[in-house]
Amino acid sequence: MSKETEQHILEKGTDLVYKNGYHGVGLQKILDEAGVPKGSFYYYFKSKEEFGLKLIDFYSKNALGFTRSFLENKERSPKDRIFDLFEAVKVTYTSQDYLLGCLLGNCSLELGDMPAFASKISGNFKTWQKLFETTIKEGQESGNIKMTYSPEDYAAFLLNSWEGALVRMKSERNNEPMDLFISFMKNLF
């Protein structure tokens, strides 16, 4: 058994959970999509819950890589990096006809009442928030972002508002919620 097989199962599972929700995807559907026997699944994951927890980390790690590619781009100002990311995310969700949204946000709504999932999702959101804090702090130190609020407060507000805008964008199937969020954040920063 290889790490590649586990990654393959997580990739296929991520696509399925994105489209159908965690509870809307049965183990058999995951096995069929991944093209693996049941024994292979249980070699990597003790249960569907463990699979779901690893899936959240898998998604977050990949999405954080995308986010870092913007926020750590030293050729742009900190504020520009943040807004470049938002515009790229908007383009991505628009190209997907607003169907997917953020998997962390989706899972938070669906699984937030389950302690293991709530803890895992919260921990991943905190990682995202720290990444924004670092960029905001850099922007404040260089005079690129206003000093009105602490980097922690800016980052928390940004992440909360961003997730809300993504939920609204997904349900309304247009860019207006994201455009409004971006406009407000530009004024706030």
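A few notes on this one:
Yes or no, residue by residue, for (1) assigned by TED's automatic domain parsing to the domain that holds residue 20; (2) in contact (Cβ under 8 Å) with a residue 40 or more places away in the chain; (3) surrounded by fewer than 17 Cβ atoms within 10 Å (Cβ to Cβ); (4) more than 15 Å from residue 132 (Cβ to Cβ):
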| site | (1), (2), (3), (4) |
| --- | --- |
| 152 | no, no, yes, no |
| 157 | no, no, yes, no |
| 160 | no, no, yes, no |
| 163 | no, yes, no, no |
| 171 | no, no, yes, yes |
| 174 | no, yes, yes, yes |
| 177 | no, no, no, yes |
| 181 | no, yes, no, no |
| 184 | no, no, yes, yes |
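- Checked against (1) in a helix (DSSP H, G or I); (2) of a type outside the set (D, E, K, R); (3) farther than 21 Å from residue 57 by Cα, residue 144 passes all but a single condition, namely (1).
- Members of region 141-150 that are surrounded by fewer than 20 Cβ atoms within 10 Å (Cβ to Cβ) and either without any contact (Cβ under 8 Å) to a residue 40 or more places away in the chain or β-branched (Val, Ile, Thr) (or both): 141, 143, 147, 148, 149, 150
- Looking at 138, 133, 152, just one residue is acidic (Asp, Glu), in a helix (DSSP H, G or I) and closer than 15 Å to residue 80 by Cβ, and that residue is 138.
- Against the test of being modelled with pLDDT under 95, surrounded by fewer than 13 Cβ atoms within 10 Å (Cβ to Cβ), of a type in the set (Gly, Ala, Ser) and not assigned by TED's automatic domain parsing to the domain that holds residue 21, the options 119, 95 yield a single qualifying residue, 95.
- Every residue from region 24-41 that is closer than 12 Å to residue 6 by Cβ and not β-branched (Val, Ile, Thr): 34, 40, 41
- Checking each residue in region 31-65 for being touching a residue at least 12 places away in the same chain (Cβ under 8 Å), of a type in the set (A, V, I, L, M, F, W, C) and assigned to a helix (DSSP H, G or I) picks out 34, 41, 51, 53, 55, 56, 58, 63, 64.
- Criterion violated by residue 114 - all others in (1) surrounded by 15 or more Cβ atoms within 10 Å (Cβ to Cβ); (2) closer than 19 Å to residue 167 by Cα satisfied: (2)
- Those residues of region 84-98 which are touching a Lys or Arg at 6+ places or on another chain (Cβ under 7 Å) and over 12 Å from residue 175 (Cα atoms), in sequence order: 84
- Set 86, 58: member being crowded, with 18+ Cβ neighbours inside 10 Å and farther than 23 Å from residue 184 by Cβ: 58
- Boolean, residue 113 is of a type outside the set (A, V, I, L, M) and in a helix (DSSP H, G or I): no
The values are calculated or read from the model by the stated rules, or taken from the named source; none is laboratory data. Everything numeric here is computed off the predicted structure, so don't read it as measured data. Quick reminder, even Gly has a Cβ in these numbers, built from the backbone with ideal geometry, and neighbours come from all protein chains shown.
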